[in-house]
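Remarks on the structure that follows.
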Amino acid sequence: ETNEQKLFKIASELLHTEKAYVARLNLLDQVFCAKMMEEANKGTFPVDVVKNIFSNITSIHAFHSQFLLPALEKRMGEWASTQRIGDILQKLTPFLKMYAEYVKNFDKAMELLKQWTDRSPQFKAVIQEIQSQEICGSLTLQHHMLEPVQRVPRYEMLLKDYLKKLPQDDPDRTDAEKSLEIIATAATHSNSAIRKSENLKKLMEIYEMLGEEEDIVNPSNEFIKEGHILKLAARNTSAMERYLFLFNNMLLYCVPKFSLGGTKYTVRTRIGIDGMKVLETSNEDYPHTFQVSGKERTLELQASSEQDKADWIKAFRETIEIFQQKNESFKNALKDVEEVSKAELGKRAPRWIRDNEVTMCMKCKEPFNAITRRRHHCRACGFVVCWKCSDNKVQLEYDNNKVNKVCRDCFCILTGEGVTEGKKKGILEIEAAQITDSSIMCGFLQHSEKGKLWQKVWCVIPEKECLVLYLYGAPQDVKALCTIPLLGYVVEDSPRHTDAPASFRLSQSKSVHNFAAETEELKQRWLKVIRVAVMGEMPARPETNGSGALESSNTQEVNPDDT
């Protein structure tokens, strides 16, 4: 090939890959995003969830489809007279800075996508329906969303190759070099995300190899090593074929299983890296053995060779060491905060624990998520806690005695009081009258669970726990019959298998609750509140009728003017 032919080949590859990329952007923007927004606008799931997943994909799609691709197509059509691409890129590449927003949002998008796929059957169904279409090429939405993250570095590689073939005195060199400088800057935003995306892609592959049964697709999980291994039986001299997946925080010990759809594995044991030890062992009958000992299980394993054994032991020991270092840093951070809290709690601003240093509430140990259990900081000790554990307020001296939210422990220390008695009680031990006075909606409904007889119950959705439905035998009962955490429930209006008029159903997995209201209008008001709550959002109080009076003695809707 001549140099001119090589340059033409690179320019052609740029155009060819750009066409394919624009098609992928169209799939993300005009198919996935558009269809999911259409469903969200029906109230099936929150609109903000879809917006946060797809970020600024519409702007990226518009730039490439309306500007960059047409310019490249035009240039390749007149290549015989204008053999250059640097001028086009130099003019348009500044727009690539818009990728910073998409890349920065990528981890959050993956987390939201997984959460709502698990939480909402309708959300999952929309995605699966699109993924089953031929246009998706048997790839998941996550795979397609990786494409924009990987695209900018692809431009950088092609342009570097172009400059290598371009003569020093070529008129296009100055523009091409300026373009490379801009693209390289934009690529820095993507490089760390690419490493994360490649790891996420690998996690998706492993997830599919495990039959989509293991919850491993999480940005905090980092893939380290995988491979075949033999497991020595404890009771006899046999060695059984096994497969290991090593991550930064756990080891999956798997058994191969036959599958027509490719290699599949079943997880036999999940062993945490915390507390894990690895020892070299000697066995006269079985060479290349070593032992992995964890809190959950101890395994005696045989590698295929001495080198394979050395590689595994090195991988294990490096992973354990890194895990211990991070764990020690975290403990030191807690120690520092604790020392400050004992001496000057409330008198001095604390050092806040960073959000990314914890995955669960530092008080109740419940895991955080982006929707229902978000991170909050105690303004007294700096701990990261959930909203329930930060639902106390006290004046802090360092903040000019302004009232601040603090965790329950700091509240007790600073006020000398215990947490209010109601918070010590079990969830069912909250008096009906206590929450009725400040409820979003309350009233009598008929209730039947899993085909049992209908029972008249007093139902309350409290203002402070707006995602929970309390069921009482009567309005003055001191303990609830049961509670229904509404988040994630499927709401069905007028279910077919129920004969009761004005009925509706709440179902989640094996939990099924049937309800019947006194009138169709009353039922619709309950449904309006519940449909918002099951999406994880705070419902508003339903409006009363034109007279402003309560409709009947069987239902109450608390009006702010009445309390």
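Selection of first residues in region 297-320 that are hydrophobic (A, V, I, L, M, F, W, C) and of second residues that are part of a helix (DSSP H, G or I) and modelled with pLDDT of 90 or more, restricted to Cβ pairs under 7 Å at least 6 apart or on distinct chains, gives the following pairs, ordered by first then second residue: ALA303/LYS309; ALA303/TRP312.
Note on region 417-446: residues that are modelled with pLDDT of 65 or more, over 13 Å from ASN392 (Cβ atoms), open to solvent by 20 Å² or more (accessible area, probe 1.4 Å) and not aromatic (Phe, Trp, Tyr) total 9.
Counting just the residues of region 459-486 that are touching a Leu at 6+ places or on another chain (Cβ under 8 Å) and surrounded by fewer than 17 Cβ atoms within 10 Å (Cβ to Cβ), which one comes out nearest to ASP118 (Cα to Cα)? This residue is PRO485.
Please enumerate the residues belonging to region 50-62 that are open to solvent by 10 Å² or more (accessible area, probe 1.4 Å) and not in a loop (DSSP other than H, G, I, E, B). Across region 50-62, the qualifying residues are LYS51, ASN52, THR58, SER59, HIS61, ALA62.
Rundown of residues vs (1) within 16 Å of ALA239 (Cβ to Cβ); (2) modelled with pLDDT of 90 or more; (3) among the aliphatic types (A, V, I, L, M), yes/no style:
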| site | (1), (2), (3) |
| --- | --- |
| TYR286 | yes, no, no |
| THR289 | yes, yes, no |
| ARG297 | no, no, no |
| GLU306 | no, yes, no |
| ALA310 | no, yes, yes |
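Condition (residue is modelled with pLDDT under 80 and touching a Leu at 6+ places or on another chain (Cβ under 8 Å)) applied to region 487-500: is it met by at least one residue? No - not one qualifying residue is present in region 487-500.
Summed over region 513-537, the residues that are open to solvent by 10 Å² or more (accessible area, probe 1.4 Å) and within 24 Å of the chain's Cα centre (by Cα) give a count of 5.
Under the condition of being charged (D, E, K, R), closer than 23 Å to GLU181 by Cα and either within 40 Å of the chain's Cα centre (by Cα) or in a helix (DSSP H, G or I) (or both), the residues counted in region 72-110 number 6. With respect to the conditions (1) in a helix (DSSP H, G or I); (2) β-branched (Val, Ile, Thr); (3) touching a residue at least 60 places away in the same chain (Cβ under 8 Å); (4) open to solvent by 10 Å² or more (accessible area, probe 1.4 Å), THR44 falls short on a single one, namely (1).
With respect to GLN30, determine if the residue is assigned to a helix (DSSP H, G or I), surrounded by fewer than 18 Cβ atoms within 10 Å (Cβ to Cβ) and touching a His at 6+ places or on another chain (Cβ under 8 Å). Judged against the criteria, GLN30 is a match. Among the residues of region 5-18, the ones that are touching a residue at least 12 places away in the same chain (Cβ under 8 Å) and either loosely packed, with under 12 Cβ neighbours inside 10 Å or in contact with a Phe, Trp or Tyr (Cβ under 6 Å, 6 or more places away or on another chain) (or both) come to 1 in all.
With respect to LYS456, determine if the residue is farther than 18 Å from ARG541 by Cα, open to solvent by 70 Å² or more (accessible area, probe 1.4 Å) and in a strand (DSSP E or B). Here the answer is yes, as LYS456 does meet what is asked.
The values are calculated or read from the model by the stated rules, or taken from the named source; none is laboratory data. Just so you know, these numbers come straight off a predicted model, no measurement behind them. A quick note on method: Cβ atoms are made from the backbone with ideal geometry, for glycine too, and the neighbour counts reach across all protein chains shown. Remember, those area values only see protein heavy atoms, side chains included, never the ligands or the DNA or RNA. Shrake-Rupley method; radii C 1.70, N 1.55, O 1.52, S 1.80 Å.
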